[in-house]
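Participant: Take this structure, written in structure tokens, and hold onto it; I'll ask about it next.
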Amino acid sequence: MSAGTLQWIAAALFAVALLHTFSTKFFERLAHERPAHAGIWHLLGEVEVVFGFWAMVLIVAIGLMAGRGEATEYLDSRNFTEPMFVFVIMVVAGSRAILLMAQRLVLAVATFVPLPGALGFYAVALSLVPLLGSLITEPAAMTLAALMLRDRVFAAGVSNRLKYATLGVLFVNVSIGGTLTAFAAPPVLMVAAKWQWDGLYMLTHFGWKAALAVLVNALVTAMLFRAELARLARRTAEEETMPAPVLAIHLAFLAGIVAFAHHPPVFMGLFLFFMGFATAYPQYQDRLILREGLLVAFFLAGLVVLGGQQQWWLEPLLRSMNADTVYFGATALTAITDNAALTYLGSLVDGLSEEFKRALVAGAVTGGGLTVIANAPNPAGFAILRGHFDDEAINPLGLLVAALPPTLTAVLAFRML
């Protein structure tokens, strides 16, 4: 099989996968109309399955046309660290102890916000937790924020308009909220070492602008839906108690996994020890989100397999842009590609100006909330929250429309300030 043939097949399958993400309702409808094969239609109606399914088609095609050796060689050449890490961090961050500590922090800060009902909690959860992503990584921040919003807001039977607005702001805020440091946001991590960007550089060129946009997005959305949110009960203290050693052990597991986020043997080993601890003390655990984590990992792994063959058209496209157009080009391209993959391709191009580099990364994180595939943590929030939408499905077009206003805020922050 020639390289050109493989690239065209992969590009076609990538395009089909994108269309598939916008067509999941069609497969759910087929499941109801054709109950004899409802299982397979329900499977194809799961957004998290889409890219994994079409990645499987690509590998089968390579195997049939070039042999099993070339297919397995291509798989071996892919780096699946990110899908593995997202799975592990989702499960650990979603444990009862970590969620309890995060809720206590949010509630403590919310007590100083003079807003009625759940307004204060809502604004703090949509701002503070995404910004914490700069320390605990974006996938962990997405998991915590989504779980808290699910239990305190989505489960209260709020309107669909509020649900979509919240989802759009959450995705955008997590995408830009991880830019206060050089290690927490995947698109930043891809270039930080090569371009010698440290924490101070990120904070002065990206972080303060991102923090301002995150706060504006959270507060404006809270004010737009203040009547609905004010009717929800305001909680000032978390009733549940848990022994301090148990909290400390969970926090130590989370810190260790974050510290070794790029070393699968270490963080997978820590995860296995965590599972052992959780099994030994089930009284301190709720149901671990293993299913949701595995689905998200499958989604991201499929994106790694399919995305690995898109460089041939993405890189020339980036090279054709200048520093002024690359920001908006990256914002748009991120909606149809993973933003980390986009910045990684940029890091392969030599001779880029500092202005071009900053514009590329800023554009990549700005567009990270527009679709479920735009940013690696998005599938985690998607998997946690979708059960509270109509038919347990999130309309991709609805997400896109909801994410446009907070994305515009990010554009103003990064381009005007």
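Coordinate-derived values only; no laboratory data. What you see is a predicted model; the values in this text were computed from it and never measured. When we count neighbours, we look across all protein chains shown, and the Cβ atoms used for this are built from the backbone with ideal geometry, even at glycine.
Participant: Viscosity 1.306 mPa s, temperature 10 °C: Stokes-Einstein D of region 76-175 from its Kirkwood Cα radius, in µm² per second?
Facilitator: Stokes-Einstein gives a translational diffusion coefficient of 112 µm²/s.
Participant: Then there's this: Could I have the simple spin-label model distance between residue 80 and residue 234, label points 7 Å from Cα toward Cβ, reported in nm to one decimal?
Facilitator: Output for this residue pair reads 4.9 nm.
Participant: Where the convex hull is taken over the Cα atoms of region 224-313, what is its projected area averaged over directions, in nm²?
Facilitator: 10.9
Participant: Out of 314, 347, 167, whose Cα points farthest toward the positive end of the dipole of the chain (charges: +1 Lys, Arg; -1 Asp, Glu; placed on Cβ)?
Facilitator: 167
Participant: Now a separate question. Just to check, using Stokes-Einstein with a Kirkwood Rh over alpha carbon pairs, what's the diffusion coefficient of region 114-273 at 20 °C and 1.002 mPa s in µm²/s?
Facilitator: 126
Participant: I'd like to compare 309-320, 272-283: which one has the highest average count of other Cβ atoms within 10 Å, and what's the full order after that?
Facilitator: In decreasing order of mean packing, 309-320, 272-283 become 309-320, 272-283.
Participant: With an 8 Å Cα cut-off and a minimum separation of 6 or more residues, compute the relative contact order for the chain in percent.
Facilitator: With pairs under 8 Å counted, the relative contact order is 25 percent.
Participant: Between residue 241 and residue 348, what is the spin-label point distance in nm, taking each point 7 Å from the Cα along the Cα→C-beta axis?
Facilitator: 5.8
Participant: Here's a follow-up. Using the Kirkwood radius over Cα pairs, work out the Stokes-Einstein diffusion coefficient for region 312-417 at 10 °C and 1.306 mPa s, in µm²/s as a whole number.
Facilitator: Translational diffusion coefficient: 110 µm²/s.
Participant: How large is the charge dipole for the chain, taken about the Cα centre, if only the Cβ atoms of Lys, Arg (+1) and Asp, Glu (-1) carry charge, to the nearest 20 debye?
Facilitator: About 760 debye.
Participant: Here is a further query. Determine the gain in length on full extension of the stretch residue 108-residue 317; use 0.36 nm per residue of separation and subtract their C-alpha separation, reporting nm with one decimal.
Facilitator: Full extension from residue 108 to residue 317 adds 70.5 nm.
Participant: In a solvent-free Debye calculation with one equal scatterer on each Cα, what is log10 I(q)/I(0) for region 296-340 at q = 0.18, 0.27, 0.29, 0.31 Å⁻¹, listed in the order of the q values?
Facilitator: -0.58, -1.01, -1.09, -1.16
Participant: Label points 7 Å out from Cα along the Cβ direction at residue 291 and residue 159: separation in nm?
Facilitator: A separation of 3.2 nm, rounded to one decimal place.
Participant: Taking the Cα centre of region 96-223 as the origin, how large is its charge dipole in debye, to the nearest 20, when only Lys and Arg (+1) and Asp and Glu (-1) carry charge on their Cβ atoms?
Facilitator: 260
Participant: Using only alpha carbons, build the gyration tensor for the chain and give me the equivalent ellipsoid semi-axes, biggest first, whole Å.
Facilitator: Calculated on Cα positions only, the semi-axes equal 32, 26, 22 Å.
Participant: While we're on this one: With θ set to phi - 60°, apply the Karplus curve 6.51 cos²θ - 1.76 cosθ + 1.60 along region 2-12 and write out the HN-Hα couplings as whole Hz, x wherever there is a Gly or Pro.
Facilitator: Listing the rounded values in order: 6, 4, x, 5, 4, 4, 5, 5, 5, 5, 5 Hz.
Participant: Between residue 7 and residue 273, 0.36 nm times their residue separation minus their Cα-Cα distance comes to what?
Facilitator: My answer for the length gained is 91.6 nm.
Participant: Packing-wise, with mean Cβ within 10 Å as the measure, how do 216-224, 188-196 rank, highest first?
Facilitator: Per-residue Cβ counts within 10 Å, averaged per peptide and sorted highest first, yield 216-224, 188-196.
Participant: Spelling out what I want: for every residue of region 172-179, take phi, set θ = phi - 60°, compute 6.51 cos²θ - 1.76 cosθ + 1.60 (Karplus), and round to whole Hz; glycine and proline get x.
Facilitator: 5, 5, 5, 5, 8, x, x, 8
Participant: Taking θ as phi - 60°, what are the ³J(HN,Hα) couplings along region 35-41 by the Karplus curve (6.51, -1.76, 1.60), each to the nearest whole Hz, with x for Gly and Pro?
Facilitator: Whole-Hz 3J(HN,Hα) from phi for region 35-41: x, 4, 10, 4, x, 5, 5.
Participant: Express in nm, to one decimal, how much length is gained between residue 251 and residue 397 on full extension, taking 0.36 nm for each residue of separation and deducting their alpha carbon distance.
Facilitator: 48.8 nm
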